[in-house]
Amino acid sequence: MERIAPLLLDWYARRGRDLPWRRTRDPYRIWLSEVILQQTRVAQGMAYYFRFTERFPDVRSLAAAGEDEVLKLWQGLGYYSRARNLHAAARQVVEAFGGAFPRTAEEVRTLRGVGEYTAAAICSAAFDLPCAVVDGNVYRVLARLFDLAVPIDTTEGKRAFAELARLQLDEKRPGLYNQAIMDFGALQCTPAQPDCEGCPFGGQCLARAAGTVGERPVKQGRTRVRDRWFNYLHVTCGGKTLLRRREERDIWQGLYEFPLIETDRAADYAVCAHTPLFRELCGDGARLVRSVAMLRHQLSHQTIHAVFHRIETPQLSPAAEALAVDTASVGEYAVPRLIDRYLIRYQM
């Protein structure tokens with residue numbers, strides 16, 4: 001097959017999306033968009049992009065912010081390690097590069113949370129460096145056009161696709177080409193029901209000729225999904241509510257939640273009431289107002305089964321891991337989407 005760049009760029013000129021981060025060469029804003037759009041749809045990420053650029057118009061303002069504020073602004077996007085890495089990397093730019101965004105792929109890759117794909121996207125779009133991006137869309141487009149059966153989640157596959165992406169790159173217009181192939185995968189060569197009839201590569205796509213479009217790209221295996229049971233103690237007393245900050249290296253690190261009892265299977269209120277944490281927090285005279293079982297909360301590799309026990313107690317006894325905050329201010333804290341859904345459903 002001949003190089004695909006000319007047809008891709010022609011398609012992009014007609015069908016490409018007009019997105020705000022494509023109207024700038026500012027590496028900070030391009031980087032911000034790339035981090036937001038990791039594992040996030042454009043439609044959802046757009047509002048967060050505007051929210052962040054309004055509050056943090058440059059890398060210095062983001063670096064100067066507190067982590068709680070950054071996480072609160074990120075609330076609802078999930079994968080909160082992205083926000084923590086974004087914040088840490090902004091501080092790196094200020095401390096190691098004097099506030100000027102690095103201009104080489106090697107330097108950009110030193111930033112916290114920035115891998116090969118993100119560095120290539122930034123450097124090609126902001127500085128016209130000949131760096132080819134390889135993400136899910138690119139894997140799918142190349143695997144179908146060249147009918148490649150090598151699994152994309154293997155070392156061999158990653159190396160093969162990286163080399164193919166490099167060979168197909170339009171080095172004179174790398175940023176435009178990268179945007180074109182990503183949009184082509186997002187809009188035309190979609191995971192399910194791709195528009196093969198209207199595809200400019202219709203007569204050249206090897207997977208279409210072989211009848212293997214639905215089988216490309218190939219993955220070697222799936223990651224096992226883990227079930228977890230969270231029992232939250234929503235404890236209140238006299239206008240105060242107990243919260244804790246998740247400090248452990250786990251999901252939602254740095255976010256706030258109610259004190260948590262995690263069990264290895266579903267547990268009722270009576271089981272929770274006999275735990276040392278419950279006795280430490282609630283003391284004597286605690287009254288159960290209601291128990292709320294939420295719909296299962298699905299993460300990429302975990303399924304969270306959560307129950308919230310709304311408890312009133314005559315006296316709060318915050319444990320070392322909990323703090324008493326004004327009930328009216330609970331909404332000001334950055335919380336996981338699961339907690340936010342509970343708070344919306346059961347207004348405090």
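Values quoted throughout were computed directly from the atomic coordinates according to the rules given, and no laboratory measurement underlies them. All values reported here derive from a predicted model rather than from experimental measurement. Cβ sites come from the backbone with ideal geometry, for glycine too, and all protein chains shown count toward neighbours.
Some values worked out for this structure:
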item: Segment 108-239: projected area of the alpha-carbon convex hull, averaged over directions, in nm²; result: 13.4
item: Whole-Hz ³J(HN,Hα) from phi, Karplus 6.51 cos²θ - 1.76 cosθ + 1.60, for segment 89-106, glycine and proline x; result: 5, 4, 5, 4, 4, 5, 6, 9, 10, x, x, 9, 4, x, 10, 10, 4, 5
item: Estimated 222 nm signal from helices in the chain, with DSSP H stretches of n ≥ 4 weighted -39500 (n - 2.57), rounded to 500; result: -12000 deg cm²/dmol
item: Degrees, to the nearest 10: 116-127 long Cα axis against longest axis of the chain; result: 60
item: Distance histogram for segment 13-147 (every C-alpha pair counted, 10 angstrom bins, percent rounded to whole numbers); result: 12, 43, 35, 9, 2
item: Between helix 136-145 and the chain: long-axis angle, C-alpha atoms, 0 to 90°, nearest 10; result: 30
item: Order of 93, 134 - criterion: other Cβ atoms within 10 Å of each residue's Cβ, fewest first; result: 134, 93
item: Hydrodynamic radius (Kirkwood) for the chain, which is based on Cα pairs only, to one decimal in Å; result: 22.9
item: Average projected area [Cα convex hull, segment 164-239], square nanometres; result: 11.4
item: Net charge, residue 113 excluded, C-beta distance under 10 Å - Lys, Arg +1, Asp, Glu -1; result: +3
item: Tilt relative to the chain, helix 42-55 - C-alpha long axis, 0 to 90 degrees, to 10; result: 70
item: Antiparallel %, DSSP beta bridges [both residues in the chain], to 5; result: 65
item: Of every Cα-Cα pair in segment 226-345, the percent that sits beyond 26 Å; result: 13
item: From phi via Karplus (6.51, -1.76, 1.60), per-residue ³J(HN,Hα) for segment 2-9 in Hz, x at Gly/Pro; result: 6, 4, 8, 4, x, 5, 4, 5
item: Extreme residue, positive dipole direction of segment 226-345, given options 276, 338, 243 (C-beta unit charges); result: 338
item: In Hz, Karplus ³J(HN,Hα) per residue of segment 23-31 (6.51, -1.76, 1.60; θ = phi - 60°; x = Gly, Pro); result: 9, 9, 10, 5, x, 4, 6, 5, 4
item: Distant-in-sequence amide H partners of residue 302 (H built 1.01 Å from N, under 5 Å); result: 226
